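Participant: One structure, pasted below without further comment.
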Amino acid sequence: MSLPGDAEKPAQHLVLHSRNDELLFAGPEDYLVFLHQLAHALRIYRCNLHAYVLMPTHVDLLVTNEARGFMQQAVLMIAHDYQSFFNRVYGRTQVLWDERYESTVFDQEEWILACYRYMELKPVLAGMVRNPVDYSWSSYRCNGLGVADPAVTPHSGYRRLGKTPAERQAAYRGLFEAVNVAGSGPLVPGVARQREIPGFAMLKKPRRLPTRLPAAGLPGSA
């Protein structure tokens, strides 16, 4: 999905956590359902998704929106729809999500690209895979290899990495060549070991604004 001019706007990094660190996904089908519901909610509320990673107990989304207030409505719809599905399939009645999610706005291109990388490296830093390409539930294969992902729309900062898709993908992979995880061996050839992601300091600068999910709007919250 692509909205005219939407990818030129500041991007928001959203982090939705499960309640009490419960698992959000019990199997591949759950990840696929979440991605389908995510794309549906963002389409309804005129938002573009640029990068994402689905971790066992939280999800990270990098999004731009068409109008003020649409993002919060999209988040509520995503939380509501997936919790309804998860509780129905697994015979639950509990609230699945933490009542607050994190929202950080980035309006500078270098911060936005650093956020892309930070998100897609999470499975590597968590020790789940050796390389971001090996993780099935992130946007890395789309952004770095050109694998089709209908949920993802390139941000203008990503598009400026090259004149063609192949150039952009190669430049994007290059952003990851300066990264390695201590003790895991080289992520790519010739990389020095380090724990902190280059550009991560920039991610700490914008103020995080925890936003409450209205419990009354979620099934199983009574």
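The values are calculated or read from the model by the stated rules, or taken from the named source; none is laboratory data. Since the structure is predicted, the reported quantities are computational estimates derived from the model, not experimental observations. For neighbour counting, all protein chains shown are included, and Cβ atoms are generated from backbone atoms with ideal geometry for every residue, glycine included.
Participant: I'd like the full set of residues that are crowded, with 17+ Cβ neighbours inside 10 Å, modelled with pLDDT under 90 and not in a helix (DSSP H, G or I), limited to the stretch 32-82.
Facilitator: If the condition is that a residue be crowded, with 17+ Cβ neighbours inside 10 Å, modelled with pLDDT under 90 and not in a helix (DSSP H, G or I), then 65 is the only one that fits.
Participant: Hey, can you tell me all the residues within the stretch 83-102 that are outside any loop (DSSP other than H, G, I, E, B), within 16 Å of residue 16 (Cβ to Cβ) and not polar (S, T, N, Q)?
Facilitator: 85, 86, 97, 98, 99, 100, 101, 102
Participant: Determine, yes or no, whether residue 203 is at pLDDT below 90 and either out of contact with any helix residue (DSSP H, G or I) (no Cβ under 6 Å at 6 or more places or on another chain) or under 30 Å from residue 76 (Cβ atoms) (or both).
Facilitator: Values: at pLDDT below 90: yes; either out of contact with any helix residue (DSSP H, G or I) (no Cβ under 6 Å at 6 or more places or on another chain) or under 30 Å from residue 76 (Cβ atoms) (or both): yes.
For residue 203, the condition - at pLDDT below 90 and either out of contact with any helix residue (DSSP H, G or I) (no Cβ under 6 Å at 6 or more places or on another chain) or under 30 Å from residue 76 (Cβ atoms) (or both) - is met.
Participant: Turning to a different aspect of this structure: Residue 27 is checked against (1) under 17 Å from the mean Cα position of the chain (by Cα); (2) at pLDDT 90 or above and fails just one. What number does that condition carry?
Facilitator: Here residue 27 meets the rest and fails (1).
Participant: Can I ask one more? For the stretch 120-135, what are the residues that are closer than 16 Å to residue 175 by Cα and buried (at least 21 other Cβ atoms within 10 Å of the Cβ)?
Facilitator: Of everything in the stretch 120-135, those that are closer than 16 Å to residue 175 by Cα and buried (at least 21 other Cβ atoms within 10 Å of the Cβ) turn out to be 120, 121, 124, 132.
Participant: Inside the stretch 105-139, can you point out the residues that are under 20 Å from residue 38 (Cβ atoms) and without any contact (Cβ under 8 Å) to a residue 60 or more places away in the chain?
Facilitator: Listed by number, the list holds a single entry, 132.
Participant: Among the residues that make up the stretch 30-43, is at least one of them closer than 24 Å to residue 99 by Cβ and charged (D, E, K, R)?
Facilitator: Checked the stretch 30-43: at least one residue is closer than 24 Å to residue 99 by Cβ and charged (D, E, K, R).
Participant: Based on what the data block shows, is residue 177 within 16 Å of residue 54 (Cα to Cα), modelled with pLDDT under 90 and not aromatic (Phe, Trp, Tyr)?
Facilitator: On the way: within 16 Å of residue 54 (Cα to Cα): no; modelled with pLDDT under 90: yes; not aromatic (Phe, Trp, Tyr): yes.
In short, no.
Participant: Also, quick follow-up: Can you pull out every residue in the stretch 140-173 that is touching a residue at least 12 places away in the same chain (Cβ under 8 Å), surrounded by fewer than 16 Cβ atoms within 10 Å (Cβ to Cβ) and within 29 Å of residue 24 (Cα to Cα)?
Facilitator: 145, 146, 150
Participant: Would it be correct to say that residue 96 is of a type outside the set (Ser, Thr, Tyr), surrounded by 14 or more Cβ atoms within 10 Å (Cβ to Cβ) and in contact with a strand residue (DSSP E or B) (Cβ under 7 Å, 6 or more places away or on another chain)? Let's see the steps before the verdict.
Facilitator: Working: of a type outside the set (Ser, Thr, Tyr): yes; surrounded by 14 or more Cβ atoms within 10 Å (Cβ to Cβ): yes; in contact with a strand residue (DSSP E or B) (Cβ under 7 Å, 6 or more places away or on another chain): yes.
Answer is yes for this residue.
Participant: What's the total number of residues in the stretch 103-134 that are outside any helix (DSSP H, G or I), within 13 Å of the chain's Cα centre (by Cα) and farther than 19 Å from residue 9 by Cβ? Steps first, please.
Facilitator: The first filter runs over the stretch 103-134 and keeps only residues outside any helix (DSSP H, G or I), leaving 103-108, 121, 126-131.
Narrowing further to those that are within 13 Å of the chain's Cα centre (by Cα): 103-104, 121.
Now narrow it down to the ones that are farther than 19 Å from residue 9 by Cβ: 121.
Adding up the residues that qualify gives 1.
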